[in-house]
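*Asks:* Please see the structure below; I have some questions.
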Amino acid sequence: MTPHDQISAYIDNELSGEQEQNFLISLASSDGLRKSFRSELVLKNVIHRDEVLTSPSRDMRGAVLTTLGIVGVSALASETADAATAVSATKATFMKTLFASKLNALVTASMITASALGGYAVHSVIAEKPAPQVISSPVMHSSQPVNIQTTPSEVASPTSNVTDMSHESAPKKIFTAHKNISKQPGTSVKTEPSGTISGTGQGSMNPPDLSKPKK
Amino acid sequence: MKNKLKDILPAEGVRSADEGLDMPIPSEDMQYLESMQPLTQDRETQLFHNFLAGDDAAFRTLYDAFERSLYIYCCRLLKNDAEAKDLFQDIWVRMYKMRGERIQVRRFSGLLFTVARNFCLNSIRDNRGYNNLSLDEIPEDAEVFLRTKDIESSDLRELLQKALSQLPFNQRESFILREYVGYNYDEIADIMGTTAANVRARAHRARERLRVIVGAWLELKSGEHK
């Protein structure tokens, strides 16, 4: 067996244990054999690359199956081929796909979190606005109901916002006033269905100091 | 051992988590799963007999399994790619027309590549000028062969394709079926109608010739770099 035959036999895994050992010894000692062996490896590599790059087109598959008259099956075949291609592509770039999908999920999650935080911040800023002084006055509430009827011009004006806010935050303040009033003897409090409180306040209630700014 | 199995296996009356797998798999899914796995000799022959009995889905499964290897076989055996594509379609049409024939097949892939071989031989015979190529037309000196090619503009893959196309038909076919399709020598001998030893000798000769060309190409390239 010539050295070149030995290379082919070694590649085909046809050498016995002893023959393989002798071949490896001669490979280590001979430059020519090493060059041939290297050429063989390069040849294998090129063949593999050629095999990967040579593939029939999808149109050909459709053309063949249509020619054979199995059109109904050809659709299934193309779907199967798509799935097979997808599976092979997934196998080949599994880590890339996984990383990309995780990255997309992370980006989406961070965007949702950011938007949620932004919304929460805006909401908390709005909620922390101080209630208008007009509503918090127990005297005014105890004597007359809050007028929440607004005209369009009032809505457009900055003061109309205050009126609206007073309507939203009014019950808390009114409840506080109601507790204060109920402590006073001889004070009758009547709750109207409209949410306003009216009563005949005869107690010694002082209006709050409006000069101090409230937070 | 039995005690260990008792620990592992679920007790009677206890539903295991895998019980849902006992459900019948839809036929479309089964076909898909079959197409994803390499067919065994018995399976491919069984599928072919199913096709002969009128099952188009079986033919599709066979097509999916052998499409790529047959395409490579045609492209590398013939010089012209367009001709190889036409021949590829003709081979499948020929296989489909076997439905009306009463044939007993021992192995479908053997029949497929035998039909392909005959088609390729006919095509080469029809194209005068190409079939007259012989071993003598390839220069013995690999460097001479390389100098006739534009190695600056072509890579080793193209170069080997050209070298492969100039090998004698039998050597080329043995080499392609061995290296590209991956058959063993007995299977190739079955297709080519010869002995395994003969196939081995042809494949070795082709490989040696190509290896010499690769070696010369590597030396030329290394000389350029120096």
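*Asks:* Please give, to one decimal in nm, the separation of the simple spin-label points placed at A:SER26 and A:ARG38, each 7 Å out from Cα toward the Cβ.
*Replies:* Result: 2.0 nm between the two label points.
*Asks:* Here's another thing I want to ask about it. As a test question: what accessible area, to the nearest 10 Å², does B:ASP42 have when a 1.4 Å probe is rolled over all protein chains in place?
*Replies:* Here the accessible area works out near 120 Å².
*Asks:* Round to the nearest 10 and report in Å² the accessible area of A:SER110, as given by a 1.4 Å probe over the protein chains' heavy atoms.
*Replies:* 60 Å²
*Asks:* Given the protein chains as shown and a 1.4 Å probe, how many square angstrom of B:ARG200 are accessible, to the nearest 10?
*Replies:* For B:ARG200, the solvent-accessible surface is approximately 80 Å².
*Asks:* Given 0.36 nm per residue, what is the gain on full extension from B:LEU121 to B:GLN41 after removing their alpha carbon distance, in nm?
*Replies:* Details: separation 80, 0.36 × 80 = 28.80 nm, distance 2.58 nm.
Taking 0.36 nm per residue and subtracting the Cα distance, the gain is 26.2 nm.
*Asks:* Would you mind checking the pairs A:LYS44/B:LYS85; A:LYS44/B:LYS79; A:LYS35/B:LYS79 and listing those with alpha carbons more than 27 angstrom apart?
*Replies:* Details: A:LYS44/B:LYS85 25 Å; A:LYS44/B:LYS79 21 Å; A:LYS35/B:LYS79 30 Å.
Distance filter (> 27 Å) returns A:LYS35/B:LYS79.
*Asks:* Right, here's the next one. Given a Förster distance of 60 Å, report the FRET efficiency between B:ARG94 and A:THR108 from their Cβ-Cβ distance, rounded to the nearest 0.05. Walk me through the numbers before you get to the answer.
*Replies:* Values: r = 53 Å, r/R0 = 0.89.
It comes out at approximately 0.65.
*Asks:* Averaged over B:58-65, how many beta carbons belonging to a partner chain fall within 10 Å of each residue's beta carbon? Mind showing how you got there, number by number?
*Replies:* Values: counts 0, 5, 10, 3, 0, 9, 5, 0.
What the average comes to for B:58-65 is 4.
*Asks:* Suppose R0 equals 25 Å; then what is the FRET efficiency for A:GLN19 and B:ALA197 from their Cβ-Cβ distance, rounded to the nearest 0.05?
*Replies:* 0.90
*Asks:* Still on this structure, I have one more. Once phi is turned into ³J(HN,Hα) by the Karplus curve 6.51 cos²θ - 1.76 cosθ + 1.60 with θ = phi - 60°, what whole-Hz value does each residue of segment A:56-61 show in order, with x for glycine and proline?
*Replies:* Here the 3J(HN,Hα) series is x, 7, 5, 4, 5, 4 Hz.
*Asks:* Quick one: order B:LYS221, A:LYS35 from most to least accessible surface, probe 1.4 Å.
*Replies:* Values: B:LYS221 45, A:LYS35 120 Å².
So, going from the largest accessible area down, we get A:LYS35, B:LYS221.
*Asks:* Which order do B:GLU173, B:GLU219, A:GLU51 take by accessible area at a 1.4 Å probe, largest first?
*Replies:* On the way: B:GLU173 0, B:GLU219 95, A:GLU51 55 Å².
Accessible-area ranking of B:GLU173, B:GLU219, A:GLU51, largest first: B:GLU219, A:GLU51, B:GLU173.
*Asks:* Once you put a point 7 Å from the Cα of A:SER57 and another 7 Å from the Cα of B:GLU101, both along the Cβ direction, what distance in nm separates them?
*Replies:* 3.1 nm
The values are calculated or read from the model by the stated rules, or taken from the named source; none is laboratory data. Since the structure is predicted, the reported quantities are computational estimates derived from the model, not experimental observations. Methodologically, a virtual Cβ is constructed for each residue, glycine included, from the backbone with ideal geometry; neighbour enumeration extends over all protein chains shown. To get the accessible areas, we keep the full protein, side chains included, count just its heavy atoms, and leave off ligands, DNA and RNA. Shrake-Rupley method; radii C 1.70, N 1.55, O 1.52, S 1.80 Å.
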